[in-house]
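Following: one structure in structure tokens, then a few remarks.
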Amino acid sequence: MGVTVLIVDDSAVMRKILERSLRQTQVAIDTVLEAADGVEALDRLQSANGVNVIFTDVNMPNMDGLEFLRQVRQSTKYGKVPVVMVTTEGAEAKVNEAMGLGAAGYIKKPFTPVQMQEALQKIVS
Amino acid sequence: MPEIQQEVYRAVREATNSVFSTMLSREVTPEEPKELVDPPPLTGVMALLGFTGEWAGLGMVYCQEKLAIEVSSTMLMCEVTEVTNDVLDAMGEVANMVIGNVKDLLQPTVGTLAMSIPTVIYGRNFQARTTQHRHWLIQPFQSGGAAFEVRICLTPKENGAG
């Protein structure tokens, strides 16, 4: 049985690219859920029947990826789900903030399929 | 040429090459950069992001619709034949990656910069300008027989400027 992934990005095209990259890895993907911002992503988590890993952008409208990560960590229901940041935001302060909040990884765009493979493999193994 | 301008052009070339080779498998060839004050109106697809910080301004990726359609077809892995919402979304994401990486490369020199989410415009005879900044650094490129430009308008905030 494969894993369930939640992809959070305000760009629908980027969500498609991320899904394609994840499905090209050697990790079996069962279900891919999508959300366009942190608010929508929290809704998905509430209604989903278990999510194994989240890949989220940082700069998004309504609720950015760092606030989303903060709220995920405060949840008793899904607070332990690994969250990987996938973003153009490479400022050291932002990376440190994300890792300090418990991000499981930080991938800078543009990314390679190998980076996605390594990030996902590290989490599921 | 002032050192900061050289640094902007260098950052633009490095960021653009990285995004186009990694995400689009396309080679890009930089051409001679140019500077313009209040550039003339454009026609095509323009993806814009704002910078704020000790320096402020705009970054832009500009191309004709043919290249925007080609880029989108590659990103979506399907044939796109006209400018749709997906094409505008794809160009916004390309600009987000290019300008975001330019921002990171320039931060050691200009200090911390925050960046907006992209705005994409498609049409004829449009201009972009900020209130105080009118001086654009323009780096043209060729890729697969099509031309595109990365434009940066970035100046230090004056004392008291908001």
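The values are calculated or read from the model by the stated rules, or taken from the named source; none is laboratory data. No experiment lies behind these values; they were computed from the predicted model shown. Virtual Cβ from ideal backbone geometry, glycine too; neighbours counted across all protein chains shown. Side chains are part of the model used for accessible areas, which takes the heavy atoms of the whole protein and leaves out ligands, DNA and RNA. Shrake-Rupley method; radii C 1.70, N 1.55, O 1.52, S 1.80 Å.
Within the assembled protein chains, the solvent-accessible surface assigned to A:MET63 is about 20 Å², based on a 1.4 Å probe. Heavy-atom accessible surface of B:ARG13, to the nearest 10 Å², is about 90 Å², with a 1.4 Å probe and all protein chains retained.
Only Lys, Arg, Asp and Glu carry charge here, each on its Cβ (+1 for the first two, -1 for the last two); on that basis chain A has a dipole of about 360 debye about its Cα centre.
Charging the Cβ of each Asp and Glu at -1 and of each Lys and Arg at +1, and nothing else, the dipole of chain B about its Cα centre rounds to 320 debye. The alpha carbons of segment A:3-124 give a radius of gyration and a Dmax of 12.8, 35 Å, in that order.
Compared with the dominant Cα axis of chain B, that is its longest principal axis, helix B:65-76 is turned about 80°. Relative to the longest principal axis of the Cα atoms of chain B, the long axis of helix B:3-24 lies at roughly 20 degrees. Among the trypsin sites (Lys or Arg not before Pro) in segment A:34-125, those placed in a DSSP loop whose Cβ has at most 12 other Cβ atoms within 10 Å are A:LYS77, A:LYS80. Take the residue pairs A:LYS94/B:LYS34; A:LYS16/A:LYS94; A:LYS80/B:LYS103; A:LYS16/B:LYS157; A:LYS16/B:LYS34 and return only those whose Cα atoms are more than 30 Å apart. Over 30 Å apart, Cα to Cα: A:LYS94/B:LYS34; A:LYS80/B:LYS103; A:LYS16/B:LYS157; A:LYS16/B:LYS34. Between A:LYS77 and B:LYS34, what FRET efficiency comes out of the Förster formula 1/(1 + (r/R0)^6) with R0 = 51 Å and r the beta carbon distance, rounded to 0.05? After rounding to 0.05, the efficiency reads 0.40. Between A:ASP43 and A:GLU97, residue separation times 0.36 nm minus the direct Cα-Cα distance comes to 17.1 nm.
Residue-wise HN-Hα couplings along segment A:41-55, as the Karplus relation 6.51 cos²θ - 1.76 cosθ + 1.60 with θ = phi - 60° gives them from phi, are 5, 5, 4, 4, 5, 5, 8, 6, 9, x, 10, 8, 7, 10, 10 Hz; Gly and Pro carry x.
The residues of segment A:3-124 have, on average, 42 Å² of accessible surface per residue, using a 1.4 Å probe with all protein chains present.
Qualifying GluC sites (Glu not before Pro) in segment B:79-162, where qualification requires a DSSP coil assignment and no more than 11 other C-beta atoms within 10 Å, comprise B:GLU79, B:GLU82, B:GLU158. Taking a ≥ b ≥ c as the square roots of the eigenvalues of the Cα gyration tensor, an a/c ratio of 1.5 or more together with a/b no larger than b/c marks segment A:1-63 as oblate. Take the Cα of A:LEU33, step 7 Å toward its Cβ, do the same at B:GLU27, and the gap between the two points is 4.5 nm. Chains A and B together bury roughly 1700 Å² of accessible area, counting both sides, with a 1.4 Å probe on protein heavy atoms only. As a fraction of the 1.4 Å probe accessible area of segment A:10-73, surface on carbon and sulfur atoms comes out at 38 percent. Net charge in the neighbourhood of B:ALA128 (other residues with Cβ under 11 Å of its Cβ; Lys, Arg +1, Asp, Glu -1) is +2. For B:CYS63, the accessible surface of its heavy atoms amounts to roughly 0 Å² (probe 1.4 Å, protein chains only, rounded to the nearest 10).
In this rough spin-label picture, where each label sits 7 Å from Cα along the Cβ direction, the B:THR112-B:THR81 distance is 5.0 nm. Using only the Cα atoms, work out Rg/Rh for chain B, with Rh taken as the Kirkwood radius, to two decimals. Result for chain B is an Rg/Rh of 0.95.
Pick from A:PRO61, A:PRO82, A:PRO110: which is most flexible by mean-square fluctuation in a GNM of chain A where alpha carbon atoms under 10 Å apart are linked? Among A:PRO61, A:PRO82, A:PRO110, the largest mean-square fluctuation in the Gaussian network model of chain A belongs to A:PRO110.
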